[in-house]
Structures are given as structure tokens and as C-alpha cells.
1. Test of understanding: in a Gaussian network model of the chain with alpha carbons linked when under 10 Å, which of HIS208, HIS82, HIS68 would top the mean-square fluctuation ranking?
2. How large is ³J(HN,Hα), in whole Hz, for each residue of the stretch 175-187 in order, when computed from phi with the Karplus curve 6.51 cos²θ - 1.76 cosθ + 1.60 and θ = phi - 60°, using x for Gly and Pro?
3. If contacts are Cα pairs under 8 angstrom and at least 6 residues apart, what is the relative contact order of the chain in percent?
4. Calculated from the structure, mean projected area of the Cα convex hull in nm² equals which of [x] 16.6; [y] 13.2; [z] 14.9?
5. Determine the calculated [θ] at 222 nm for the chain from helices alone, applying -39500 (n - 2.57) to every DSSP H run no shorter than 4 residues and normalising by the residue count; nearest 500 deg cm²/dmol.
6. Please identify which residues in the stretch 162-192 have an amide N closer than 13 Å to a label point set 7 Å out from the Cα of ILE132, following the Cα→Cβ vector.
7. Once both labels are modelled 7 Å past Cα along the beta-carbon direction, what's the ARG218-ASP95 spacing in nm?
8. Structure shown: which of LYS89/LYS121; LYS74/LYS136; LYS46/LYS103; LYS53/LYS174; LYS127/LYS174 lie over 27 Å apart, alpha-carbon to alpha-carbon?
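The values are calculated or read from the model by the stated rules, or taken from the named source; none is laboratory data. What you see is a predicted model, and the numbers here were worked out from it, not measured in a lab. Every residue, glycine among them, receives a Cβ derived from its backbone with ideal geometry; neighbour counts consider all protein chains shown. Only protein heavy atoms, including side chains, enter the accessible area calculation; ligands, DNA and RNA are left aside. Shrake-Rupley method; radii C 1.70, N 1.55, O 1.52, S 1.80 Å.
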Amino acid sequence: MRFNETEKKINSIIAAYNKLVGNIESEALNSEERAYGGIIRAGKGKLVESIGKALLEIAAEELNINQHLRFVNKTIKIPLKHDYINRIKNPEVKDYISKNLDKIFYRIKPDIQVYLDDEFKISIECKAYTEIAMLKRILVDCTLIKQIFPNVSFVLLQLESQLGGDYSQYTLGKFGSHPTHTLFSYFDVDLTIITLLKGERKVDQPIHKPKYFKPLERQSLIEAINCFKNLLLCQISNLNS
């Protein structure tokens with residue numbers, strides 16, 4: 001992709017962010033159909049997902065592999081582990097589980113499922129912000145997905161960070177935080193965390209309020225694009241090996 005085309009797309013992302021975050025509050029206050037908080041959460045959530053897809057498309061175009069990239073929106077079914085049946089002490093329950101194995105599974109649907117050709121390669125969770133309890137849930141989901149797709153790369157894309165440490169200072173973090181490293185030590189998951197807005201999230205300073213608005217900086221988007229390019233290159237390499 002030519003430099004000017006990339007710049008145009010980046011400008012479009014920033015413009016969409018400015019328009020949506022700047023207008024969310026007025027839309028929420030004027031809506032009679034949905035609760036104020038619901039509109040705020042849905043608006044930010046969909047925004048991050050849209051930004052994520054746009055950044056991936058830019059990365060794929062710059063690598064000239066956009067013809068291989070596609071997004072899939074489907075539920076992943078995690079089956080029951082068979083050795084669990086041996087641990088069930090109640091014989092009636094054990095018999096019931098054994099007879100219904102084909103119906104027993106856990107559903108997971110990542111926000112963005114990135115496929116290269118016909119293979120699931122990158123799983124992305126999109127958040128307006130993430131705090132430690134949410135990260136724990138994300139790591140559990142990643143661990144379950146990895147049982148079915150062991151070579152998938154995992155990404156957390158967030159507008160703001162509430163994870164502590166330096167995630168709110170750098171787009172890709174540098175040293176992370178003590179609680180995140182503690183959680184990572186218990187999960188065999190390589191999770192890339194991308195934070196788009198600078199400054200730790202503060203509950204009493206929501207960015208949809210004009211006085212607390214945070215700009216989406218071009219440099220953060222460029223760093224995110226480069227991160228996605230590296231992940232795509234790694235997965236393309238795996239496809240060709």
C-alpha cells in the first residue's frame with residue numbers, strides 16, 4: 001500500500017473515533033429505547049472492533065497479503081475433556097454425561113477471528129478498557145481456544161488500560177504490571193496487549209465526557225499496525241512451512 005493510502009485510512013480511523021466518542025453521550029442521553037450505560041458500552045465496543053479490523057486490513061495490504069485475509073464471525077465449540085468423566089463420582093451423572101457427549105460443549109466467540117486462507121490464525125478480544133478480573137477471563141478463553149487451535153495468536157485490543165503498570169504509557173507496554181505477569185505465569189498463552197489511548201483509565205473520568213476526552217494518536221495506530229504485520233508475517237510463515 002502506498003504511503004498516502006495508509007495515511008488516508010489512518011485519518012479515517014481517527015475521524016471515526018472522534019465522531020463516535022464525541023457523540024456517544026448526546027446519543028445516549030436522547031435515547032428512549034436503551035439505557036444510557038448500554039449505549040455507551042455498545043458504542044465503544046463496536047468502535048474498537050471496527051478499528052481492529054481496519055488496522056488488520058492496512059497491515060495485510062502493506063504486506064500484499066490482503067487477498068488471503070478474511071474475518072469470520074462464528075462460535076467456537078469447546079468439547080468436554082473425556083478424562084473429566086473418570087473424575088465424576090456420581091454414577092448417574094457419569095452415565096448421563098457419557099451418553100450426551102455430542103451435545104456437551106462450551107461456546108466461545110472471539111470479537112475478531114482472523115483467517116488466512118481457510119485457517120484460523122489470530123484471535124482478538126476488543127475492549128473499551130480492561131481491568132485485571134477481565135484479563136483473567138480473557139486468558140481462560142484463550143486457553144480453551146488453544147485446545148482446539150494450538151497455533152492461533154492471541155491479541156487484546158483496548159482503547160484504555162486499567163491493568164496497572166505501563167500499559168497506559170506505551171501502545172504495546174514495556175514492563176507490563178505485577179498482577180498481569182502473575183496471571184500470565186499461570187496460563188500457557190502468549191497474549192499481545194495493544195492499548196490505543198494514553199493514560200490509565202479512571203472510572204470517574206470517562207472519555208465520552210468532553211472534559212475527559214482523549215485523542216487517538218496516529219503513532220499508536222502505526223505501532224498497532226506494525227504489531228499486526230509481525231503477527232501476520234509469523235502466521236504466513238507457519239502456513240508455508
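1. HIS82
2. Result, ordered by residue: 9, x, 9, 4, x, 5, 5, 4, 4, 4, 5, 9, 10 Hz.
3. Relative contact order comes out at 20 percent.
4. Matching entry in [x] 16.6; [y] 13.2; [z] 14.9: [x].
5. Here the helix-only value at 222 nm equals -16000 deg cm²/dmol.
6. Residues passing the 13 Å test: 162-165, 177-184.
7. Reported label-point gap for ARG218 and ASP95 is 7.1 nm.
8. LYS89/LYS121; LYS46/LYS103
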